[in-house]
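J.: Right, I'll just put the structure down here and ask away after.
Just so it is clear, none of the values below were taken in a lab; they were calculated from the coordinates. The model shown is predicted, which means the values in this text are computed figures rather than measured ones. Cβ sites come from the backbone with ideal geometry, for glycine too, and all protein chains shown count toward neighbours.
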Amino acid sequence: MTLTGELGSLPVPNRRILIVHADPAALKSIGAAVAGAAYELHFSDRADRAMEVLRGRAIDVVVADAGMPDMPGADFLRLVGRSFPGTRRIGLVEEGARQAAIDAVAERELFHFLERPWDDAEVRAAVAEACEPPSVQAPFPDRVRSLAARHARMKRGELRGLELSAYHAERGELVGALLAAQELRVGQQPRRSLRVDCEFQALIRFGDEARRATTLNVSTGGFAVHLDGAPGVGHDMKVVLRIPGGESVYADAKVANVQQVANGVVRVGYRFVAVDVANARRLELAVFDALIDRTQP
């Protein structure tokens, strides 16, 4: 079933919206929430038919449910992003899928997400914002200050719905911009995770021995410390990072590189090889806390 214009549209629509949902009642409900605006509405109950609509005309915004009969909604929206990068994407997700949706927004796979049960006002606001042209970026210091304020509110649990989605989009943009600006030596591969200079207390265990050190830098992929001697590259470690003001992070790590500094002191880089979900989230938050602290004007 592919319905076009069933709910009507203005004679000269400003934006084309494609709503994709397996439930016909949900299609009509979501369409009715935005039908009064200057939109041309298109509807589909399957991902493959939605792709036919996208190939047949320029669609500005796709609103898609996570549960589709022929393809998971996340995969469909990813496909839309690759095939039609100028089309903004809004995901409709179950409450238990919030973290995956947050990650998708941060990685720019989604423009926004809405959790069930959403209301008409949320749908209208999300679609209206997705239809807005890209805004002129504020100066970098202002963007960092704005994000720092939102970050503090997020940690206090004050962000919901579109505010939470917008926060993760801004956060992803900042991290992406800083990764894009990294300076590389000839032949050096770009880093995929942001490394921040910060001092966390680290307990490093290898065999029956344990060392304490202060990190030189930390990323979600690993960290570096100075040690008085160290095992060789490839050795496995158990690591505890003490996060100021927060819970410690526990992980398995491997020695990635060792560089002589002076007088027997070496700089050791560790790569995380096993971090469970809870510890990964704590680590990600701690790294971003440190980033905000260092980048604020």
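J.: So what are the ³J(HN,Hα) numbers for the range 85-91, from phi and the Karplus equation (6.51, -1.76, 1.60; θ = phi - 60°), rounded to whole Hz, Gly and Pro as x?
T.: x, x, 8, 7, 10, 10, x
J.: Taking Cα centroids, how far is the range 197-230 from the range 242-289 in Å?
T.: With the range 197-230 and the range 242-289 each reduced to a Cα centre, they are spaced 6 Å.
J.: Subtracting the Cα-Cα distance from 0.36 nm times the residue separation, let me have the gained length for residue 205 to residue 103 in nm, one decimal.
T.: On the way: separation 102, 0.36 × 102 = 36.72 nm, distance 3.14 nm.
Between residue 205 and residue 103, full extension yields 33.6 nm more.
J.: So which DSSP H runs in the chain come out at 18 Å plus along the axis (Cα) with average Kyte-Doolittle of at least -0.5?
T.: On the way: long enough: 140-155 (22 Å, -0.81); 161-180 (29 Å, 0.45); 277-295 (27 Å, 0.32).
In the chain, the long hydrophobic H runs are 161-180, 277-295.
J.: Continuing with the same structure: At 7 Å along the Cα-to-beta-carbon direction for both residue 153 and residue 233, put a label point, then send me their distance in nm to one decimal.
T.: In this crude label model, residue 153 to residue 233 measures out at 4.7 nm.
J.: Based on other C-beta atoms within 10 Å, arrange 247, 132, 115 from fewest to most. Provide the component values of the computation, followed by the final result.
T.: Numbers: 247 12, 132 9, 115 19.
In increasing order of surrounding Cβ atoms, one gets 132, 247, 115.
J.: Under a straight-distance cross-link criterion of Cα-Cα below 24 Å, which lysines are reachable from residue 238, leaving out those fewer than 8 residues away in the same chain?
T.: 254
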